[in-house]
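Each remark here refers to the structure printed beneath this line.
The values are calculated or read from the model by the stated rules, or taken from the named source; none is laboratory data. Since we're looking at a predicted model, the values are computed, not measured. Glycine gets a Cβ as well: all are built from the backbone with ideal geometry, and neighbour counts include every protein chain shown. For accessibility, only protein heavy atoms count, side chains too; no ligands or nucleic acids. Shrake-Rupley method; radii C 1.70, N 1.55, O 1.52, S 1.80 Å.
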Amino acid sequence: MSRTGFVHQALRYGSDVELLGGTVDFATDGLAAGDAVLAVVAARNIPLLREALGDRSRQVEFVAADDWYDYPSRTLGRYHAYCDRHGPNRRVRVIGEPVWAGRSGFETREWMRYESLLNVAFADSPHWILCPYDTRRLPALVVETAARTHPELDDGSISSVYADPAHFYAECDAHCPDQVPGAADRIPITRDGSAAVRRAVAAYARRAGLPEQRTYDLVAAAHETVVNVLRHGGGRGVVRLHGDQDHLICEISDEGAHTSSPLPDFPGHLPPEPRAPNGHGLWLVRQLTDLVTERLDPAGSVVRLYFRRPAA
Amino acid sequence: MAVSPTRTTVGRMRQGDHLLLGYDTDEERETVLAAFLLDGLACGHRGLLLPPADIPAGVALSFLEAYGCRVDEELAAGRLCVDAHLAQPEGLWDLDEVIRREARRAVGDGYLGLRVATEVLRAQAGRGLKSLHDSELLLDPVFASLPVLGICQYDRRVFDESELAPLAGLHHGRVGADQVWHDDLLSITRTFAPPGLALAGEVDDTNVTAVARALHAERARPHSRTPDGPRTRLDLRDLLFIDVGALRLLVFSALALSAAGGTLVLCGVAPHVQRVMRVAGWDRVPGLRLEPAGPTP
């Protein structure tokens, strides 16, 4: 089957036969059409798919899903980079099977948000993403939500429950953790004080045992968020540093600029133009941080940066 | 005498300082010397140049014109002097006497002190640079006792570092050009070989304009016009942090240079900075080139 324009489909499969039935022709048709074909699937599915494709599997790039689907924003960045590498005019077909096992409720919600965001991020592209969902293994909520985040299902039928990405985004926000636990170090944000924030964040990250590279990433992400407070958030705010069992959490809140300047849709989720005068900061924040939640509001914004604690 | 490898900048010199300038290019020499002599005029000091060759005073000091100095007027008034003493074959022997006499004369003429800049030809330095060593040794009590400060110039294209190191030990340290910018987070210095700027420390929202100003001024340096179009070189090996706003400025500058057929070269960019550039989509900007740091200057 051939299509033009972006296609994003969920393939809900209950057996190996159903998985192969939905993916082999998809890959074969793509190769025949000169498309780049990338298969990011559960490790157990790689040999299955390879065998079914036979010789043609050499033309397909395989990646184990656990390596690819680490954090939603970074996976999104990875897809963008992959598609950029294959040129603006060549279609990329992706078999993309997200990882749901071992995710907390918060993480699961952010991966659902990611699936919905793909519809926005690649809307103007010619690419075709097919997302297998293993109904034998996945929780019912994950499978049901796939029908809300993919415009098309299985055999190309239109999903009757597909949710507009902006609405789905707001719904995910409503599920974000409301409070962060524990006592926090507080650093006030001042016009000339971004360096003081960087010092405090770096010291906190090192105390918590974050590796040097991730410490730099946290410092850079916190700094860009503070710069946004100074530029867009009225300039007054506070950085709070604390952690829960899984994450170091850096919360940046401001008192708001109380202007009516429009807030960006899907802030930081869409790759900025290299020559744009703005928009790189929040994109970078999301790419450097494991999970970001944000509530941008002219009356006062809150951004939380979650960095996974290093394994003990 | 303190034999420490300290390095100061010309604008921080004070009376009694007897410093060594090892320069790589004429631009470097003229930059340091111009600051030294013009600071002297501002401080009420007489400036005395002792060049290694007998050339007319106006020619020897002509590089000051580019800094807005009216050399002929200053020479006529005696605020600047040129003495060909070191152009004589035996000029080194009584250099201490010359400077002692000139310092006293400057005070007698109503100046607050004397700034002296010397340079000798390698041929006059004596076998194994012995006469040079002896001469520098004799100078020390002069600087200790009189209102004088001085720079001894050594062309590093002629004297190699193994020769300069012991000579530097006979001075109070080395002197270099003034920093272009210095604050709690960042210092920007001009490099001469290769020509460009070196950024050390952190660039963020508070000091990005200083970087912009320095980059802009860099376009006016003569070396920035090359056969391959305008070229600006930034040494970033000691850069610890740079934020998105500052990287955006570098990208903008690179695009501007590229539009004129030129290049912005970034040297020694740390891996974590390169990663940020890649993530932001700034790793493939026309006119922006990354190079390894090269040897430590």
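Just the residues that are hydrophobic (A, V, I, L, M, F, W, C) and open to solvent by less than 50 Å² (accessible area, probe 1.4 Å), please, taken from segment A:30-43. Those that are hydrophobic (A, V, I, L, M, F, W, C) and open to solvent by less than 50 Å² (accessible area, probe 1.4 Å): A:31, A:36, A:37, A:38, A:39, A:40, A:41, A:42. In the set A:216, A:204, only one residue is out of contact with any Cys (no Cβ under 7 Å at 6 or more places or on another chain), within 14 Å of chain B (Cβ to nearest Cβ) and of a type in the set (Ser, Thr, Tyr); that residue is A:216. Can you find a residue in segment B:131-141 that is within 18 Å of the chain's Cα centre (by Cα) and surrounded by 20 or more Cβ atoms within 10 Å (Cβ to Cβ)? Among the residues of segment B:131-141, not one is within 18 Å of the chain's Cα centre (by Cα) and surrounded by 20 or more Cβ atoms within 10 Å (Cβ to Cβ), which makes the answer no. Checking the stated criteria, residue A:215 turns out not to satisfy the condition of being over 15 Å from residue A:281 (Cβ atoms), open to solvent by 50 Å² or more (accessible area, probe 1.4 Å), without any contact (Cβ under 8 Å) to a residue 60 or more places away in the chain and among the β-branched types (Val, Ile, Thr). Residue check: is residue B:40 buried (at least 20 other Cβ atoms within 10 Å of the Cβ), touching a strand residue (DSSP E or B) at 6+ places or on another chain (Cβ under 9 Å) and not in a helix (DSSP H, G or I)? Judged against the criteria, residue B:40 is not a match. Residue-level analysis places residue B:243 outside the set of residues that are open to solvent by 30 Å² or more (accessible area, probe 1.4 Å), within 19 Å of residue A:231 (Cβ to Cβ) and either within 13 Å of chain A (Cβ to nearest Cβ) or touching a Phe, Trp or Tyr at 6+ places or on another chain (Cβ under 7 Å) (or both). Annotation note: of A:216, A:204, the sole residue that is of a type in the set (Ser, Thr, Tyr), in contact with a Leu (Cβ under 9 Å, 6 or more places away or on another chain), closer than 18 Å to residue B:242 by Cβ and in a helix (DSSP H, G or I) is A:216. Residues considered: B:153, B:124. Of these, the only one that is under 18 Å from the mean Cα position of the chain (by Cα) and open to solvent by less than 70 Å² (accessible area, probe 1.4 Å) is B:153. Restricting attention to segment B:112-128, does a residue exist that is touching a strand residue (DSSP E or B) at 6+ places or on another chain (Cβ under 8 Å), over 16 Å from residue B:50 (Cα atoms) and at pLDDT 90 or above? Yes: one or more hits.
For segment A:256-288, a tally of residues being within 14 Å of another protein chain (Cβ to nearest Cβ), part of a loop (DSSP other than H, G, I, E, B), touching a residue at least 24 places away in the same chain (Cβ under 8 Å) and among the aliphatic types (A, V, I, L, M) returns 1. When segment B:195-227 is limited to residues that are in contact with a strand residue (DSSP E or B) (Cβ under 6 Å, 6 or more places away or on another chain) and at pLDDT below 95, the one that is farthest from the other protein chains (Cβ to nearest Cβ) turns out to be B:223.
Filtering A:239, A:292, A:227 for residues that are β-branched (Val, Ile, Thr), facing chain B (nearest Cβ under 10 Å), surrounded by 16 or more Cβ atoms within 10 Å (Cβ to Cβ) and in contact (Cβ under 8 Å) with a residue 12 or more places away in the chain leaves a single hit, A:227. The selection criterion, being within 14 Å of chain B (Cβ to nearest Cβ), more than 20 Å from residue A:121 (Cβ to Cβ) and surrounded by fewer than 18 Cβ atoms within 10 Å (Cβ to Cβ), holds for residue A:196. Every test in (1) without any contact (Cβ under 8 Å) to a residue 12 or more places away in the chain; (2) over 21 Å from residue B:48 (Cβ atoms) is passed by residue B:145 save one, and that test is (2).
Results for (1) charged (D, E, K, R); (2) closer than 23 Å to residue B:35 by Cα; (3) assigned to a helix (DSSP H, G or I), shown as yes or no for each residue.
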| site | (1), (2), (3) |
| --- | --- |
| B:73 | yes, yes, yes |
| B:76 | no, yes, yes |
| B:81 | no, yes, no |
| B:92 | no, no, no |
| B:111 | no, yes, no |
| B:129 | no, no, yes |
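Residues that are touching a Leu at 6+ places or on another chain (Cβ under 7 Å) and within 14 Å of another protein chain (Cβ to nearest Cβ) within segment B:275-297 comprise B:276, B:277, B:279, B:280, B:282, B:285, B:286, B:287, B:288, listed in sequence order.
Among the helices (runs of 4 or more DSSP H) confined to segment A:44-118, the ones with at least 3 residues that are open to solvent by less than 20 Å² (accessible area, probe 1.4 Å) are located at A:45-53, A:72-85.
Check residue B:253 against each of (1) in a helix (DSSP H, G or I); (2) at pLDDT 95 or above; (3) open to solvent by 40 Å² or more (accessible area, probe 1.4 Å) and name the one condition it does not meet. If we test residue B:253 against (1) in a helix (DSSP H, G or I); (2) at pLDDT 95 or above; (3) open to solvent by 40 Å² or more (accessible area, probe 1.4 Å), just (3) comes out false. Among the residues of segment B:256-274, those identified as open to solvent by 20 Å² or more (accessible area, probe 1.4 Å), of a type outside the set (A, V, I, L, M) and more than 14 Å from every other protein chain (Cβ to nearest Cβ) are B:261, B:263. Of everything in segment A:295-312 that is over 21 Å from the mean Cα position of the chain (by Cα) and more than 17 Å from residue A:240 (Cα to Cα), the residue that is most open to solvent (accessible area, probe 1.4 Å) is A:312. Residue check: residue B:186 meets all listed conditions (1) within 14 Å of chain A (Cβ to nearest Cβ); (2) open to solvent by 10 Å² or more (accessible area, probe 1.4 Å); (3) without any contact (Cβ under 8 Å) to a residue 40 or more places away in the chain but one, namely (2). Scanning segment A:122-156 for residues that are outside any loop (DSSP other than H, G, I, E, B), of a type in the set (Gly, Ala, Ser) and open to solvent by 20 Å² or more (accessible area, probe 1.4 Å) turns up just one, A:140.
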